[in-house]
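Single-structure report; data block below.
Please treat every number below as a calculation from the coordinates, not as lab data. What you see is a predicted model, and the numbers here were worked out from it, not measured in a lab. Note that we place each Cβ from the backbone using ideal geometry, even for glycine, and neighbour counts take in every protein chain shown.
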Amino acid sequence: MTSSQQQKAHNPCFGCGTENTAGLGINSYWSDSDEQLAICQFQPLKQHVAGSKKFVNGAIIATVVDCHCVCTAMADAYRRANRGIGTSPALWYATASLQVNYLRPLLTNH
């Protein structure tokens, strides 16, 4: 299955851009069991830590949330318009505001 980010050409975004090799490589997919549910895949790397090597940096977490939500909104808009992602005219969305309340540290695998 191809993610919504992989279907968008010429995307240099740090969080989800396929043209940014230094980025996070976030991928969002529609669930096979629920067409209204979008699933995000992201694997933190060693350089995504905060302070201790055990915790993921909070800004990385916020970027994952931001990119997943924006890409899901765009994918849904294209789906509702019965168009392929990235077809002209482009449908763009952006985050106006984002607040993340961290309930506990997110542990890394490293």
Using only Cα atoms, find the angle between the long axis of helix 58-80 and the longest principal axis of the chain, and express it within 0 to 90 degrees, rounded to the nearest 10. 10
Once every Cα of the range 1-94 carries one equal point scatterer and solvent is ignored, give the base-10 log of I(q)/I(0) from the Debye formula at q = 0.15, 0.20, 0.24 Å⁻¹, two decimals. -0.59, -0.96, -1.26
Calculate the dipole size of the chain relative to its Cα centre from +1 charges on Lys and Arg beta carbons and -1 charges on Asp and Glu beta carbons; express the result in debye to the nearest 20. 300
Using the alpha-carbon centroid of each, what span in Å lies between the range 1-38 and the range 52-110? 9
Treat the count of other C-beta atoms within 10 Å as a stand-in for reagent exposure and order ASP76, ASP34 from fewest to most. ASP34, ASP76
For GLU35, what is the net charge nearby, where nearby means another residue's Cβ is under 11 Å from its Cβ and Lys, Arg count +1, Asp, Glu -1? -2
What ranking, highest mean first, results for peptides 25-33, 85-93, 60-68 when packing means the other Cβ atoms within 10 Å averaged over each residue? 60-68, 25-33, 85-93
Translational diffusion coefficient of the range 2-48 at 25 °C, 0.890 mPa s, Stokes-Einstein with Kirkwood Rh over Cα pairs, in µm²/s as a whole number. 216
Which order do peptides 11-18, 98-105 fall in by mean Cβ count within 10 Å, highest first? 11-18, 98-105
